[in-house]
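Asker: Here it is: the structure, laid out below.
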Amino acid sequence: MPLWSVTGGNELTGSLAVQGSKNAVLPILAASVVGGGVSRITDCPLLRDVDASLEILRFLGCGVMQNRGEILIQSDGMSRNHIPHALMLKMRSSVMYLGAILARCGEVRLSAPGGCELGSRPIDLHLKALAALGAEISEAGGEVCCRAAQLKGAHINLDFPSVGATENVMLAACAAEGTTVLTNAAREPEIVDLQSFLNAKGASIRGAGTSEIRIDGFAPVPYTEHSVLPDRIAAATYLCAAAAAGGDIRLTHAVPEHLETVLSALRQMGCAIVVDADGIRLRRFGPMRAGRPVITRPYPGFPTDAQALLMAASLRAEGTNVFVENIFESRFRHVPELRRFGADVRVEGRVAMVCGVKTLYGAPVTATDLRGGAAMVLAGLSAEGETQVFDSGHIERGYERFDECLRALGADVKRLEDPQG
Ligand code: UD1
């Protein structure tokens with residue numbers, strides 16, 4: 001595992017182009033098997049989760065070529081319909097292959113994702129929706145198997161607007177006979193990107209970005225090109241980094257409309273933010289202050305993935321900031337680590353209260369998960385002295401060249417190999 005060394009005190013200045021979206025590219029890679037053919041995907045971020053997904057595609061028998069941010073997938077030769085546990089373990093969101101392989105092969109077998117760093121991560125909504133499309137579902141030996149001679153379009157209402165379940169329904173319903181109408185669907189921008197990709201592959205899908213999505217079948221085309229949308233959570237990370245450290249940064253290749261709740265929270269906390277045709281500029285020279293409570297909700301609400309990041313930026317704000325986590329049951333695992341900097345954060349159930357302190361002190365801390373790990377780096381940027389972030393391999397699951405990008409903005413950040421392994 002790499003180890004990160006962060007020395008606080010430098011303000012961040014300069015301009016940065018935001019990477020392509022992790023949460024958009026992962027379902028798109030899975031979708032590349034639907035209907036076969038060749039897919040050329042550009043603006044792909046170079047991430048460990050992307051590597052894990054490409055490994056799955058190769059295992060399935062697809063041809064994969066990668067040249068920096070461009071990936072070519074030839075899925076006509078796909079010869080397997082199951083994913084071994086070792087490959088599933090490398091990336092939690094491989095559950096997206098459930099709908100994709102089912103659509104392609106009429107049968108899929110993969111190991112069920114168990115608990116993880118954000119608490120239990122059930123897939124009951126995915127399975128219920130696939131069963132509504134006519135899939136026969138069985139579970140044995142830790143594996144889930146879905147089978148259908150012919151999937152049938154259906155009206156499916158999700159009990160909760162799950163991102164992954166919405167994506168799995170879109171993928172599977174491509175192979176269904178008749179129309180599928182999905183209500184209470186998740187509305188995330190990444191779902192709109194998946195719709196664009198699937199439509200370019202020959203699907204007929206409308207409504208992504210709203211709560212009702214209609215899938216009207218699929219007429220596969222042999223070649224598809226798609227450019228992945230910019231990563232709103234990576235953008236939020238760099239904005240929170242500049243808020244934490246102070247300074248003046250500009251982000252290009254960012255979509256401000258996807259970041260409205262994050263920008264609004266940062267403005268309330270004292271950052272000056274200007275959005276123009278070239279991107280987003282954030283300046284923070286005075287002290288941060290308390291804003292309205294930050295409550296995570298499904299999109300277009302405040303993203304759970306940005307909760308730890310904004311919390312890290314708020315540790316030295318004047319007054320008390322309140323965070324309410326509504327999406328995941330155990331998403332405050334970064335809090336005990338933030339306390340090591342001298343931060344005053346208290347948690348009660350789903351609520352965390354941050355009472356701003358004057359000074360943070362660099363400390364040895366652990367990356368508890370992807371965004372929690374990035375939050376440690378952000379806190380380190382606004383702390384006195386050196387911070388060491390252990391287990392920072394988590395960070396590389398979701399950020400492309402995070403250390404280089406932060407250094408380009410003037411941060412003192414180094415990625416080292418942990419001598420203890
Ligand atoms: C996706 C994102 C993740 C983000 C999350 C919420 C990807 C690759 N990952 O994850 O970064 O934090 O959306 O915005 O896009 N749930 C169930 N049963 C199910 C499915 C979900 O109870 O069958 C629960 C989950 O435990 C969780 C909540 O619903 O509490 C939201 O999960 P979901 O929207 O499905 O998140 P993911 O798709 O896993």
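Asker: Can you tell me which residues in region 178-191 are part of a helix (DSSP H, G or I) and in contact with a Leu (Cβ under 8 Å, 6 or more places away or on another chain)?
Answerer: Answer for region 178-191, where residues must be part of a helix (DSSP H, G or I) and in contact with a Leu (Cβ under 8 Å, 6 or more places away or on another chain): Pro189, Glu190.
Asker: Looking at (1) assigned to a strand (DSSP E or B); (2) among the aliphatic types (A, V, I, L, M); (3) within 12 Å of the ligand (Cβ to nearest atom); (4) surrounded by 23 or more Cβ atoms within 10 Å (Cβ to Cβ), can you tell me which one Ile156 breaks?
Answerer: Answer for Ile156: the failing condition is (3).
Asker: Can I ask one more? Which residues, counting only those in region 290-317, are open to solvent by less than 30 Å² (accessible area, probe 1.4 Å) and in a loop (DSSP other than H, G, I, E, B)?
Answerer: Gly291, Gly301, Pro303, Leu315, Ala317
Asker: Follow-up. Considering only residues that are more than 16 Å from the ligand (Cβ to nearest atom) and assigned to a strand (DSSP E or B), which ones fall in region 192-214?
Answerer: Passing the criteria: Ala203, Ser204, Ile205, Arg206, Thr210, Arg214.
Asker: Considering only region 323-347, how many residues are closer than 20 Å to Leu266 by Cα, open to solvent by 20 Å² or more (accessible area, probe 1.4 Å) and over 22 Å from the mean Cα position of the chain (by Cα)?
Answerer: Looking only at that region, the number is 1.
Asker: Residue pairs, Cβ under 6 Å, 6 or more apart or interchain, first in region 287-316 and more than 18 Å from Pro256 (Cβ to Cβ), second part of a strand (DSSP E or B) and more than 16 Å from the ligand (Cβ to nearest atom). List them.
Answerer: Qualifying pairs under 6 Å: Pro287/Glu318; Arg289/Glu318; Ala290/Thr320; Ala290/Asn321; Pro293/Val322; Ser314/Asn321; Ser314/Val354.
Asker: Right, next: Within the set of pairs 6 or more residues apart or between chains, which connect a residue that is closer than 20 Å to Gly209 by Cα inside region 248-270 to a residue that is basic (Lys, Arg) and at pLDDT 95 or above with Cβ atoms less than 6 Å apart?
Answerer: His258/Arg232; Leu259/Arg232
Asker: Given the options Val322, Val365, Val354, name the one that is out of contact with any Cys (no Cβ under 9 Å at 6 or more places or on another chain), in a strand (DSSP E or B) and closer than 30 Å to Ala185 by Cβ.
Answerer: The conditions single out Val322.
Asker: Right, something else. Check Glu107, Glu70 and return the single one that is farther than 24 Å from Ala219 by Cα and open to solvent by 40 Å² or more (accessible area, probe 1.4 Å).
Answerer: Exactly one residue qualifies, and that residue is Glu70.
Asker: Identify all residues within region 33-82 that are modelled with pLDDT under 95 and basic (Lys, Arg); write none if there are none.
Answerer: Result: Arg48, Arg68.
Asker: Let me spell it out: the conditions are (1) surrounded by 15 or more Cβ atoms within 10 Å (Cβ to Cβ); (2) closer than 26 Å to Ala17 by Cα; (3) out of contact with any Gly (no Cβ under 7 Å at 6 or more places or on another chain); (4) in contact (Cβ under 8 Å) with a residue 24 or more places away in the chain, and Leu416 meets all of them except one. Which number is the exception?
Answerer: Here Leu416 meets the rest and fails (1).
Asker: Continuing with the same structure: Name every residue in region 96-109 that is assigned to a helix (DSSP H, G or I) and of a type in the set (D, E, K, R), in order of residue number.
Answerer: Once the filter is applied, which keeps residues that are assigned to a helix (DSSP H, G or I) and of a type in the set (D, E, K, R), region 96-109 yields only Arg104.
Asker: On to the next question. In this structure, does Val169 turn out to be assigned to a helix (DSSP H, G or I), surrounded by fewer than 24 Cβ atoms within 10 Å (Cβ to Cβ), within 16 Å of the ligand (Cβ to nearest atom) and at pLDDT 95 or above?
Answerer: Considered against the rule, which asks whether it is assigned to a helix (DSSP H, G or I), surrounded by fewer than 24 Cβ atoms within 10 Å (Cβ to Cβ), within 16 Å of the ligand (Cβ to nearest atom) and at pLDDT 95 or above, Val169 comes out as no.
Asker: Further question on the same structure: Could you check how many residues of region 308-346 are hydroxyl-bearing (Ser, Thr, Tyr) and at pLDDT below 95?
Answerer: Number of matching residues: 1.
Asker: Pairs please, first residue from region 327-345 and under 15 Å from Arg371 (Cβ atoms) and without any contact (Cβ under 8 Å) to a residue 12 or more places away in the chain, second anywhere and within 14 Å of the ligand (Cβ to nearest atom) and open to solvent by 40 Å² or more (accessible area, probe 1.4 Å), Cβ atoms under 8 Å, 6+ apart in sequence or on different chains.
Answerer: Close Cβ pairs satisfying both conditions: none exist.
Asker: On the basis of being under 27 Å from Gly372 (Cα atoms) and either open to solvent by 40 Å² or more (accessible area, probe 1.4 Å) or out of contact with any helix residue (DSSP H, G or I) (no Cβ under 6 Å at 6 or more places or on another chain) (or both), does Pro189 make the cut?
Answerer: Answer is no for this residue.
Asker: Pairs needed: first member in region 23-34, among the β-branched types (Val, Ile, Thr); second member anywhere, open to solvent by 10 Å² or more (accessible area, probe 1.4 Å) and more than 8 Å from the ligand (Cβ to nearest atom); C-beta distance under 6 Å; at least 6 residues apart or different chains.
Answerer: Filtered contacts from region 23-34: Val33/Met78; Val33/Arg104; Val34/Ala103; Val34/Arg104.
Asker: Would you point out the residue of region 377-417, among those that are of a type in the set (Asp, Glu) and part of a helix (DSSP H, G or I), that is farthest from the chain's Cα centre (by Cα)?
Answerer: Glu404
Asker: While we're here: When the residues of region 222-239 are narrowed to those that are β-branched (Val, Ile, Thr) and in contact with a strand residue (DSSP E or B) (Cβ under 7 Å, 6 or more places away or on another chain), which ends up surrounded by the most Cβ atoms within 10 Å (Cβ to Cβ)?
Answerer: Val228
The values are calculated or read from the model by the stated rules, or taken from the named source; none is laboratory data. As the structure is a computational prediction, the values presented were derived from the model and not from experiment. All Cβ positions, even for glycine, are placed from backbone atoms using ideal geometry, and neighbour counts span all protein chains on display. Note: accessible area is taken over every heavy atom of the protein model, side chains too, but ligands, DNA and RNA are not part of it. Shrake-Rupley method; radii C 1.70, N 1.55, O 1.52, S 1.80 Å.
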